[in-house]
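Read the structure below first, then the notes.
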Amino acid sequence: MSETKADEKAPLSYYARHVFFCLNERKNGEACCAQHQAQEAFDRCKSQVKAAGLAGPGQVRVNKAGCLDRCAAGPVMVVYPEAVWYSYVDGHDIDEIVESHLKNGQVVERLLTPAHLGR
């Protein structure tokens, strides 16, 4: 087993960016991201990240998540390590997030989830 010297820079994270999509579905009729085509948005994002060559270690990982407790803003996704929360409406919004934020590091201001919106 090799040792890491204190002055060597280790990566902070396995992925440069980690994206989580809320795909939670509530059976009791309460608002949830699944009611807003969250699965389709997840599939689109994952496909675009892969097609752009952005997927994999040191790059971008797109994951499913259960409830992220921001139901009032749904559907939502969050990008780490920046902790940028997005509320999106359609595939065009996902396209813009992939191109602007995941590919070029520019936050899409118009899609930011308002900080006060929770469950």
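At-a-glance table
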{"item": "Selection within the stretch 78-96 - within 12 Å of the chain's Cα centre (by Cα) and farther than 21 Å from C32 by Cα", "result": "Y80, P81, E82"}
{"item": "Top-ranked residue of the stretch 1-43 - restricted to ones that are small (G, A, S) and outside any loop (DSSP other than H, G, I, E, B), ranked as modelled with the lowest pLDDT", "result": "A34"}
{"item": "Selection from the stretch 58-68 of residues that are hydrophobic (A, V, I, L, M, F, W, C) and crowded, with 19+ Cβ neighbours inside 10 Å", "result": "V60, V62, L68"}
{"item": "Failed item in (1) touching a Ser or Thr at 6+ places or on another chain (Cβ under 6 Å); (2) modelled with pLDDT of 95 or more; (3) farther than 21 Å from Y14 by Cα, with W85 passing the rest", "result": "(3)"}
{"item": "Every residue from the stretch 69-112 that is in contact with a Gly (Cβ under 9 Å, 6 or more places away or on another chain), closer than 11 Å to C22 by Cβ and surrounded by 13 or more Cβ atoms within 10 Å (Cβ to Cβ)", "result": "R70, C71, A73, S87"}
{"item": "Exclusive hit being at pLDDT 95 or above, in a strand (DSSP E or B) and farther than 23 Å from E30 by Cβ, set V79, V107", "result": "V79"}
{"item": "Which numbered condition Q37 fails, given (1) within 25 Å of Y14 (Cβ to Cβ); (2) surrounded by 14 or more Cβ atoms within 10 Å (Cβ to Cβ); (3) among the polar types (S, T, N, Q)", "result": "(1)"}
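The values are calculated or read from the model by the stated rules, or taken from the named source; none is laboratory data. The structure displayed is predicted, hence computed values, not measured ones. Every residue, glycine as well, gets a Cβ built from its backbone with ideal geometry; the counts of neighbours run over all protein chains shown.
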